[in-house]
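A.B. asks: Take this structure, written in structure tokens, and hold onto it; I'll ask about it next.
None of the figures in this text is laboratory data; all of them are computed from the coordinates on show. Small disclaimer: the values here were computed from a predicted structure and weren't measured. When we count neighbours, we look across all protein chains shown, and the Cβ atoms used for this are built from the backbone with ideal geometry, even at glycine.
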Amino acid sequence: MKEGKRKGGKGAVYRVMCPATGRVGVVWVPDGAAPGAPVIDPEVVAQQAVDSMKLVGPDIDINPKPGGKGLVGMPVWMAVGQSPTTYGPNSASATAGGVTVTATAKVKSIVWNMGDGTSVTCSGPGTVYRKSFGMKQSPDCGHVYKQTSDSAGGKFKVSATATWAVDWQVAGGGGESGQLTEVRNSQAALTIIESQAVN
């Protein structure tokens, strides 16, 4: 605790540390007031900034394309589009009660549930498939089905769940900051068949 003066009289500066959210900074508490959470919680203001970003689920770009057909044993390439609302980075500010907070969000990882009981975690957006890649496997985000989608009612229900890391900072003095996590999800359906021998 450090004694000091500020507009309006004496008080003390208290360090704020919240390991659960990564929040750090300082809070000015006037003499006679109990130390505690500030009247305006900057984490709440940070959440308002995040809400204004309109973050949505991943923009799925998968090969084989939904509506088409893939083959058992052939590589599936998973990727996502990278717009501010589907992947980031995305920044926004919000103000309440004289407290202004700027938040910046970016996808940290995407977990692909492939519909066949397996999941794949990708730390990046993946690589979009091109015909020139032929039968190669994705270098960073792929899967190979070992059974047809008949076992799943005709189509594998694929979901891509993005975890967003949000860093926020209070504008002006104090330098209070923290982190939030947001989760968004998108779905697709894939038909996987056995390859047919050519006579």
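A.B. asks: Calculate the all-directions average of the projected area of region 49-183's alpha-carbon convex hull, and give it in nm².
C.D. replies: Computing the convex hull of the Cα atoms and averaging its projections yields 9.6 nm².
A.B. asks: Which pairs, out of 65/155; 69/131; 65/108; 54/106; 69/146; 65/131, put more than 19 Å between their alpha-carbon atoms?
C.D. replies: Exceeds cut-off: 65/108.
A.B. asks: Taking the Cα centre of region 128-192 as origin, sum charge times position over the Cβ atoms of Lys and Arg (+1) and Asp and Glu (-1), and report the length of that vector in debye to the nearest 20. Kindly include the intermediate steps, with their values, before the conclusion.
C.D. replies: Working: 7 positive and 5 negative charges, 120 e Å.
Approximately 580 debye in magnitude.
A.B. asks: Where does each of 155-164, 83-92 land if you order them by average Cβ count within 10 Å, highest first?
C.D. replies: 155-164, 83-92
A.B. asks: Mean separation of Cα pairs under 8 Å and 6+ residues apart, divided by the residue count of region 83-199: what relative contact order is that in percent?
C.D. replies: Working: 206 pairs, mean separation 30.5, N = 117.
26 percent.
A.B. asks: Considering the Cα positions of region 37-108, please state its Rg to one decimal place and its Dmax as a whole number of Å.
C.D. replies: 18.6, 59
A.B. asks: Output the peptides 131-144, 108-121 sorted from most to least packed, where packing is the average of other Cβ atoms within 10 Å over each peptide's residues.
C.D. replies: 108-121, 131-144
A.B. asks: Exactly which GluC sites (Glu not before Pro) in region 121-199 are in a DSSP loop and have at most 11 other Cβ atoms within 10 Å?
C.D. replies: Of the GluC sites (Glu not before Pro), the ones in loops of region 121-199 whose Cβ has at most 11 other Cβ atoms within 10 Å are 194.
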